[in-house]
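What follows is one structure encoded as structure tokens, with my remarks underneath.
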Amino acid sequence: MVFRHFITITVSFLLSSGTEATSPVNVSVNVDAVPVAGRPEVILATCTTYRTKPAAEVSWNLGTLSDSVKVSTNTVKHLDRTFTVTSSLIATPTVQMNQQLVQCVIRHSAMKEQLEVDHKIIVHYPPKLVFVKAFKNHCNAEVYQCEADANPAATHFSWHSTHQTIPNDAIKTQGNKLYFLKLTSDLNGLYTCEASNEYGTGIGSLYWKKGEKTEDDHSEFFMPDVISYFLSFIKVPLGKLRN
């Protein structure tokens, strides 16, 4: 997957002589590909100033990422004696980096004030936390919803149970929701939800017991090989109960 994000700012500034510069300052912050948590070191973002004279000074305000990100800066001199400066943030992407705000800071001798360009780091990751919670009453039914912390958001949900048999008219599944249509004790037991996006799958669980409505249940994250092992013990997929 290739993801490109550009922020371009154009600034006209005055030279020390008081005449307007013939070439404005062009600044861009871009990401060529979205970093994925757990994968090797990549460029998180690149800030570039184009064809300034003299060369602009480019740096970063990294906030909470100051100890986990490296900065690599490169300056190119063109034949017309202008300079293009690129500064890149390099790191091994983690879930904790997602949504962190950084600033590209540009300074130039002809600018009275430094220019600060905000950029939000985006990191993709598989479902890390999956949990099942009470959703709302649906007539005489109890409804539970499977939710996942994932980026991008989980798009596929499947439900399973340890029950040997479940009446088709007792339980219904619809996407990330589980409906108990008949509140009978023979439905007591463990129910699991698999939530998936393009990077992987996580599992959350609910232990349902008649008359004891659960607000939230514990959440767990499994790698694919562990998922296969876990599902080998589940004999009846609720997917068979879908209308």
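Brief remarks on what is shown
Residue-by-condition table, conditions (1) more than 30 Å from K177 (Cα to Cα); (2) of a type outside the set (K, R):
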site: R81; (1), (2): yes, no
site: R107; (1), (2): yes, no
site: A110; (1), (2): yes, yes
site: H119; (1), (2): yes, yes
site: V123; (1), (2): no, yes
site: V130; (1), (2): no, yes
site: A134; (1), (2): no, yes
site: C146; (1), (2): no, yes
site: A154; (1), (2): no, yes
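- Restricting attention to the range 110-163, the residues that are free of Cβ contacts under 8 Å to residues at least 24 places away in the same chain, over 30 Å from R51 (Cα atoms) and charged (D, E, K, R) total 2.
- The range 147-159: number of residues that are in a strand (DSSP E or B) and under 16 Å from F131 (Cβ atoms): 7
- Flag for L206 being in contact with an Asp or Glu (Cβ under 7 Å, 6 or more places away or on another chain), outside any strand (DSSP E or B) and either at pLDDT 85 or above or under 20 Å from V36 (Cβ atoms) (or both): no
- Considering only residues in the range 52-99 that are of a type in the set (S, T, Y), free of Cβ contacts under 8 Å to residues at least 40 places away in the same chain and open to solvent by 40 Å² or more (accessible area, probe 1.4 Å), the one that is farthest from A110 (Cα to Cα) turns out to be S68.
The values are calculated or read from the model by the stated rules, or taken from the named source; none is laboratory data. Bear in mind that the values here come from a model prediction, so they are computed numbers and not experimental data. Cβ coordinates were reconstructed from backbone atoms using ideal geometry, including for glycine residues, and neighbour counts include every protein chain displayed. Side chains are part of the model used for accessible areas, which takes the heavy atoms of the whole protein and leaves out ligands, DNA and RNA. Shrake-Rupley method; radii C 1.70, N 1.55, O 1.52, S 1.80 Å.
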